[in-house]
Amino acid sequence: MTKKALAIRRTVLIIFILFIFIYLIPYFWLISTSFKTRVEAFSIPPKLIFKPTMENYRMVFIEKNFNKNLLNSIIVAFFVTSISLTVGLPSAYAFSRFCMKGDKILFFYLLGTRFTPVIVLSLPLYFIMADLKLLNSFLGIILAHSAFNIAFVVWMMKGFFDTIPKEIDESARVDGCSWFGSFFRIAIPLAAHGIAATSIFCVINSWNEFLMAFILTGYKTATLPVALPGLMTPQGTFWGQIAAVGSVITIPVLIFAFIVQKYMVQGMSAGAIK
Amino acid sequence: MSLKVDYKQKTALMFHMPAIVLLTLITMVPLIYNIRISFYDFSLTRAGSRDIFVGLENYKMILSDHEFWNSMWVTAKFVITSTFIQLVLGVVIALMLNYYSGALNRLLASLIMIPMMVAPLVVGLMYSFILNPQFGLYSFLVDLFHLNLSKTPLSAGGSALLVLILTDIWEWTPFMALMILAALKAAPIEPYEAALIDGANRSQIFFRITIPLIRPVIAASIILRGVEACKVFDKAFILTGGGPGNSTEVIDLFTYREAFVNYNFSYAAALCVVLFIIMLIFGILYWNFIIRKQSND
């Protein structure tokens with residue numbers, strides 16, 4: 001590479017990094033506000049250098065009991081992921097290995113649940129849950145979130161199972177292994193990293209979801225996103241505390257996302273690109 | 001038909017069974033129940049209204065409801081503008097990312113993907129921080145550069161919708177960029193080599209080779225983003241609440257309001273059926289143009 005080409009490459013890189021930095025300012029703004037006192041948060045021009053305080057976090061998570069909502073979010077995400085994997089993995093495996101009569105219809109149905117607006121399912125689920133006395137229960141919201149995530153697991157995991165050579169299954173079958181045996185002993189261990197990535201996606205989907213949780217949960221089971229708008233009161237908005245909760249919602253997700261970065265696009269486009 | 005094939009069918013069905021049962025219970029049953037409610041006059045404000053059958057009355061009301069058409073129009077403007085801008089920006093960013101490889105590429109891609117990992121509700125809140133007239137970054141910048149701009153863009157209809165579109169672009173351009181980047185990485189190298197030998201210039205290579213190669217992924221991304229954009233709720237809910245007036249009342253927000261603010265359950269159920277049919281059309285398009293093509297390859 002010539003000296004000039006290298007110089008251009010460097011300049012473009014610097015401009016690009018600068019662009020990304022500016023692009024992310026809104027997010028940095030949120031994080032920094034969470035560590036500011038009320039006076040610092042309101043100061044104009046914005047204070048870039050300040051003494052970080054944990055006061056907002058203490059106020060909102062301990063005094064206002066948001067740690068309870070944090071726990072609810074963890075419970076819901078955990079069970080949604082477990083149910084979705086338990087139900088979705090065998091189906092994904094079957095789509096990858098068998099041709100069944102009518103499986104095209106089932107596959108289209110799964111695509112349909114992915115395209116269905118949340119409100120379309122939330123409204124009837126609200127009536128059904130109300131009749132079954134499941135409003136404001138963990139079971140209700142866990143089942144509702146699973147509805148979307150099962151389709152997601154099937155779409156994403158079919159891709160991973162497809163990458164396992166069929167010959168491995170077949171030789172196991174010749175050795176007398178049943179289909180269930182080859183599913184549990186061969187397919188699942190070989191697709192372990194794919195399963196890890198898929199579960200992280202399920203956690204994120206459930207963790208970030210607002211509308212369905214907003215409709216189906218109540219005081220006892222509200223997840224973090226549901227509790228968050230409660231900090232905007234007619235008496236005033238607690239910006240620092242909102243920023244603190246916002247940071248707690250986003251930071252774990254980002255850590256998880258960086259871990260599975262390689263599978264990010266695959267997950268986001270599950271069913272779109274092979 | 002041999003016995004073995006029959007056995008395989010049964011095994012396949014057993015693998016699918018848990019998903020079929022659970023999805024029937026938590027998606028099929030609610031959707032059918034929803035259709036049923038849409039034929040009644042169920043409203044929380046009128047006792048006993050759950051059993052009044054009105055046939056297609058709710059659907060007739062939808063067609064003549066100018067608020068419904070308003071939110072359809074708002075949603076259409078939102079979806080088309082934000083998807084289009086995301087596509088253009090996404091292609092540019094993907095091409096730049098593709099310029100770098102290895103660890104640097106992974107680092108840049110990780111940074112780029114931050115916005116789409118942030119919960120949509122939090123994205124909405126972030127922008128209400130930025131746009132806060134008292135302490136927001138936006139009014140600070142307007143003052144600093146003496147710009148001739150309104151200090152409260154959320155208080156005017158047109159600019160509030162623009163802000164909503166902007167938040168969506170901010171959040172989801174990374175998705176477009178990463179999808180297109182994946183397509184660029186998977187593209188074969190031979191056509192490029194041939195073009196270089198033939199002496200093609202950069203713009204010829206881009207329009208004649210790159211674009212055709214990534215066209216399937218572009219089509220898939222547009223449909224996926226379009227569908228997701230149709231479902232926008234969280235950001236509008238927290239940032240504008242549909243206002244001012246109903247200038248940012250997207251269709252999901254309108255349906256939500258009918259159901260859980262005005263308690264016109266049956267009317268909202270009919271709206272849901274209409275939304276479902278629209279999404280079904282998208283689904284069929286996607287199935288025919290993206291998935292069937294894939295399995296033919």
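How many residues are within 20 Å of A:Met232 (Cα to Cα) and either at the interface with chain A (Cβ under 9 Å from one of its Cβ atoms) or assigned to a loop (DSSP other than H, G, I, E, B) (or both) when one looks only at the stretch B:124-156?
Residues flagged as within 20 Å of A:Met232 (Cα to Cα) and either at the interface with chain A (Cβ under 9 Å from one of its Cβ atoms) or assigned to a loop (DSSP other than H, G, I, E, B) (or both) within the stretch B:124-156 amount to 14.
Inside the stretch B:49-86, can you point out the residues that are outside any helix (DSSP H, G or I) and closer than 13 Å to B:Ser266 by Cβ?
Of the residues in the stretch B:49-86, the ones outside any helix (DSSP H, G or I) are B:52-56, B:64-65.
Residues satisfying the conditions are B:Ile52, B:Phe53, B:Val54, B:Gly55, B:Leu56.
Working carefully through the options A:Phe35, A:Phe115, find the one that is away from chain B (no Cβ under 11 Å), without any contact (Cβ under 8 Å) to a residue 40 or more places away in the chain and surrounded by 18 or more Cβ atoms within 10 Å (Cβ to Cβ). Working first, answer last.
Details: A:Phe115 fails: away from chain B (no Cβ under 11 Å).
That would be A:Phe35, the only listed residue that is away from chain B (no Cβ under 11 Å), without any contact (Cβ under 8 Å) to a residue 40 or more places away in the chain and surrounded by 18 or more Cβ atoms within 10 Å (Cβ to Cβ).
Tally time: how many residues in the stretch A:34-54 are at pLDDT below 90 and part of a helix (DSSP H, G or I)?
Residues meeting the conditions: 5.
Determine, yes or no, whether B:Ile62 is surrounded by fewer than 14 Cβ atoms within 10 Å (Cβ to Cβ), more than 14 Å from every other protein chain (Cβ to nearest Cβ) and among the aliphatic types (A, V, I, L, M). If you could, list the steps in order and put the result at the bottom.
Details: surrounded by fewer than 14 Cβ atoms within 10 Å (Cβ to Cβ): no; more than 14 Å from every other protein chain (Cβ to nearest Cβ): yes; among the aliphatic types (A, V, I, L, M): yes.
No; evaluated as a whole, the condition is false for this residue.
Has the stretch A:214-232 got any residue that is over 30 Å from B:Phe135 (Cα atoms), surrounded by fewer than 19 Cβ atoms within 10 Å (Cβ to Cβ) and at the interface with chain B (Cβ under 8 Å from one of its Cβ atoms)?
no
Out of B:Ile80, B:Ile112, B:Ile93, I need the residue that is more than 29 Å from A:Ser146 (Cβ to Cβ) and more than 9 Å from chain A (Cβ to nearest Cβ). Which one? Break it down stepwise before answering.
Working: B:Ile112 fails: more than 9 Å from chain A (Cβ to nearest Cβ); B:Ile93 fails: more than 9 Å from chain A (Cβ to nearest Cβ).
Going through B:Ile80, B:Ile112, B:Ile93 in turn, just one is more than 29 Å from A:Ser146 (Cβ to Cβ) and more than 9 Å from chain A (Cβ to nearest Cβ): B:Ile80.
Could you check B:Ile80 against (1) under 24 Å from the mean Cα position of the chain (by Cα); (2) of a type in the set (A, V, I, L, M); (3) modelled with pLDDT under 95 and say which number it fails?
Unmet for B:Ile80, out of (1) under 24 Å from the mean Cα position of the chain (by Cα); (2) of a type in the set (A, V, I, L, M); (3) modelled with pLDDT under 95: (3).
Residue under question is B:Tyr263, and the condition is that it be of a type in the set (Ser, Thr, Tyr) and farther than 30 Å from B:Leu285 by Cα; does it hold?
Working: of a type in the set (Ser, Thr, Tyr): yes; farther than 30 Å from B:Leu285 by Cα: yes.
So B:Tyr263 passes the test.
Pick from A:Ser96, A:Ser84: which is within 11 Å of chain B (Cβ to nearest Cβ) and closer than 27 Å to B:Pro120 by Cβ?
Values: A:Ser96 fails: closer than 27 Å to B:Pro120 by Cβ.
Just a single option satisfies the conditions, and that option is A:Ser84.
Would a scan of the stretch A:225-246 turn up a residue that is within 29 Å of B:Lys293 (Cβ to Cβ) and not hydrophobic (A, V, I, L, M, F, W, C)? I'd like the intermediate steps shown before the answer.
Step one: filter the stretch A:225-246 for residues within 29 Å of B:Lys293 (Cβ to Cβ), giving none.
The answer is no, given that none of the residues of the stretch A:225-246 is within 29 Å of B:Lys293 (Cβ to Cβ) and not hydrophobic (A, V, I, L, M, F, W, C).
Residues in the stretch B:19-37: is at least one in a loop (DSSP other than H, G, I, E, B), at pLDDT below 95 and more than 30 Å from B:Gly157 (Cβ to Cβ)? It would help to see each step written out before you state the result.
Taking the stretch B:19-37 and keeping what is in a loop (DSSP other than H, G, I, E, B), we get none.
No: the stretch B:19-37 contains no residue that is in a loop (DSSP other than H, G, I, E, B), at pLDDT below 95 and more than 30 Å from B:Gly157 (Cβ to Cβ).
Counting only residues that are more than 11 Å from chain A (Cβ to nearest Cβ), give me the helices (runs of 4 or more DSSP H) lying completely in the stretch B:206-297 with at least 3 of them.
Numbers: elements: B:211-230, B:234-239, B:251-260, B:265-286, B:292-296.
Output list reads B:211-230.
Consider B:Ala47 carefully, then state whether it is exposed (fewer than 15 other Cβ atoms within 10 Å of the Cβ) and either touching a residue at least 40 places away in the same chain (Cβ under 8 Å) or farther than 20 Å from B:Val227 by Cα (or both).
On the way: exposed (fewer than 15 other Cβ atoms within 10 Å of the Cβ): yes; either touching a residue at least 40 places away in the same chain (Cβ under 8 Å) or farther than 20 Å from B:Val227 by Cα (or both): yes.
Here the answer is yes, as B:Ala47 does meet what is asked.
Given the condition assigned to a loop (DSSP other than H, G, I, E, B) and at pLDDT 90 or above, answer yes or no: does some residue in the stretch A:103-119 qualify? Steps first, answer last, please.
Here is the first cut: in the stretch A:103-119, the residues assigned to a loop (DSSP other than H, G, I, E, B) are A:116-117.
Subsequent filtering for residues that are at pLDDT 90 or above retains A:116-117.
Yes, some residue in the stretch A:103-119 is assigned to a loop (DSSP other than H, G, I, E, B) and at pLDDT 90 or above.
Would you be able to say whether some residue in the stretch B:157-169 is closer than 18 Å to B:Leu224 by Cβ and not hydrophobic (A, V, I, L, M, F, W, C)?
yes
The values are calculated or read from the model by the stated rules, or taken from the named source; none is laboratory data. Just so you know, these numbers come straight off a predicted model, no measurement behind them. Note: ideal-geometry Cβ built from the backbone for every residue, glycine included; neighbour counts use all protein chains shown.
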